[in-house]
Amino acid sequence: MRRSGDRFLTVAPARADAAEGWARTRHSFSFGEHYEPDNVGFGPLVALNDETVRAGEGYPEHSHRDTEIVSWVLSGTLSHSDSAGHVGTAGPKVVQRLSAGSGVTHSEGATADAPVHFVQTWVRPDEAGTPPEYALGAVDEDALAAGWVPVASGSEAGSAVALLSRGTTLWVTRLAAGEERRLLEAPSAYVLLALGAVDVATVGPLAQGDALQLAVPARFRLVAREASELLAWTFA
C-alpha cells in the first residue's frame, strides 16, 4: 500500500501573484528530478500522475517519444493539441490516449471555465517508432456504476481506446456509498483510489489518492464509505 501523502508533490511555478502555482501533481513513481531507485515504475507503467491544473492554465509545448499516454479526467475539461495536427478536449467519462510513437510535441491544460483534475499514465509500448496517434473514447456512465469498465487496453475487446501494450488494461469503476465491488483478478495490478474512501477486506481503509500494488492475483472485496472512483491497471 502507498498512501497519498507518501507520493512526492511538484508545483508548477506561476505568475508572481500566484504563490500556490498553477499546477499541482502527485507522482506515484520516480519522475523528473525526483528519483526513487526502488520505485521507478510497475510493469510497463513508467509514470502515474494525479494532476490539478488551474482554469485557463496549461503545460506549454513539450515532446514525447515511444510512450502511450492515457489521461482520465475526474473533473473539469482537459484540452490537447499536438504537432501531428490533433486537437481535442476530454471531460469526465471520456478517456484520452496519445501514442507518441516516433515523436510528437504537444501541449495540454485546463479550459478557461474551470480547473481540471485528471490522472495521467505513461505506459511503455511494445514497439518503438510507430506513427503518432491520438484518440478519445466515451465511456458509459451506467457501465461505470455497474462494474469495472476497460477504458484503455492492448488486449480487452470493447475498450474505449486501444493501447500498443499487449496485456495492459486500465479499468475504471464508480461506487455509491455502501456499495461493494471486488478487485479484478490479474497476475499483477496497480489500483488507485482516485476519489472517495473505501474499506478493503484484509487490507484496511483507503483514502483518496491511496494505492495498492499487487504482484499476485487478489480479489479483495471493496466497500465504499462514500461515493468513490477507482482506477486499476492490470497486466497479463
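Values in this text are rule-based calculations from the coordinates and carry no lab data. Predicted model, so just to flag it, every value in this text is computed and none were measured. Cβ sites come from the backbone with ideal geometry, for glycine too, and all protein chains shown count toward neighbours.
Per-residue ellipticity at 222 nm for the chain, helices alone: DSSP H runs ≥ 4 residues times -39500 (n - 2.57), over residue total, nearest 500 deg cm²/dmol?
-500 deg cm²/dmol
For a quick check, take a GNM of the chain with Cα springs below 10 Å and name the residue from 66, 126, 50 with the largest mean-square fluctuation.
126
Charges only on Cβ, +1 for Lys and Arg, -1 for Asp and Glu: so what's the dipole of the range 151-235 about the Cα centre, in debye to the nearest 20?
With Lys and Arg at +1 and Asp and Glu at -1, about 160 debye.
If I take R0 = 41 Å and measure r between the Cβ atoms of residue 8 and residue 146 in this structure, what FRET efficiency does the formula 1/(1 + (r/R0)^6) give, to the nearest 0.05?
Efficiency for this residue pair is about 0.70.
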